[in-house]
Amino acid sequence: QVQLVESGGGLVQPGGSLRLSCVASRSIFDIVSMGWYRQAPGKQRELVASITSGGTTNYAESVKGRFTISRDNDRNTVYLQMNSLKPDDTAVYYCNLRLISGSYWGQGTQVTVSS
């Protein structure tokens, strides 16, 4: 079993920034990928950004140029730097870790963008 603990969410004004962190209970050196998903009220969960073991990144069109995903293998941590936040970014953000053996989710962290 793998535990993922997210942090860094909160309330921010439009145009502001937040950095989300996801710490895994195991090494992330040999993962298939790690990613951030989000789910807004009444909407389906959607991929925001992901990063593979080789460092290849993928972003939703709506966040390209504003969000950056990165990883620190020594700390078993993946980050999501979110800049130029918009009200439409308001959602619960979930960390996901994919291994060959399965997929794991964190508990989620709320991000609210509002003036």
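Structure values in brief
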quantity	calculated
Residues of the range 85-109 satisfying the condition of being surrounded by 16 or more Cβ atoms within 10 Å (Cβ to Cβ), not in a strand (DSSP E or B) and not small (Gly, Ala, Ser)	Leu85, Asp89, Thr90
Single unsatisfied condition, Thr68 versus (1) within 14 Å of Arg19 (Cα to Cα); (2) open to solvent by less than 30 Å² (accessible area, probe 1.4 Å); (3) without any contact (Cβ under 8 Å) to a residue 40 or more places away in the chain	(2)
Residues located in the range 41-65, provided they are touching a Ser or Thr at 6+ places or on another chain (Cβ under 6 Å) and either exposed (fewer than 15 other Cβ atoms within 10 Å of the Cβ) or not hydrophobic (A, V, I, L, M, F, W, C) (or both)	Ser50, Thr52, Asn58
Matching option when the condition is more than 22 Å from Ile100 (Cβ to Cβ) and not aromatic (Phe, Trp, Tyr), among Val23, Val78, Val48	Val48
Residues (closer than 17 Å to Ser114 by Cα and assigned to a loop (DSSP other than H, G, I, E, B)) located in the range 4-63	Gly8, Gly9, Gln13, Pro14, Gly15, Gly16, Ser17, Ala40, Pro41
Scope the range 64-84; condition outside any strand (DSSP E or B) and touching an Asp or Glu at 6+ places or on another chain (Cβ under 9 Å); matching residues	Arg66
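The values are calculated or read from the model by the stated rules, or taken from the named source; none is laboratory data. Note that the structure is a prediction, hence the values are computed from the model and not measured. Virtual Cβ from ideal backbone geometry, glycine too; neighbours counted across all protein chains shown. Note: accessible area is taken over every heavy atom of the protein model, side chains too, but ligands, DNA and RNA are not part of it. Shrake-Rupley method; radii C 1.70, N 1.55, O 1.52, S 1.80 Å.
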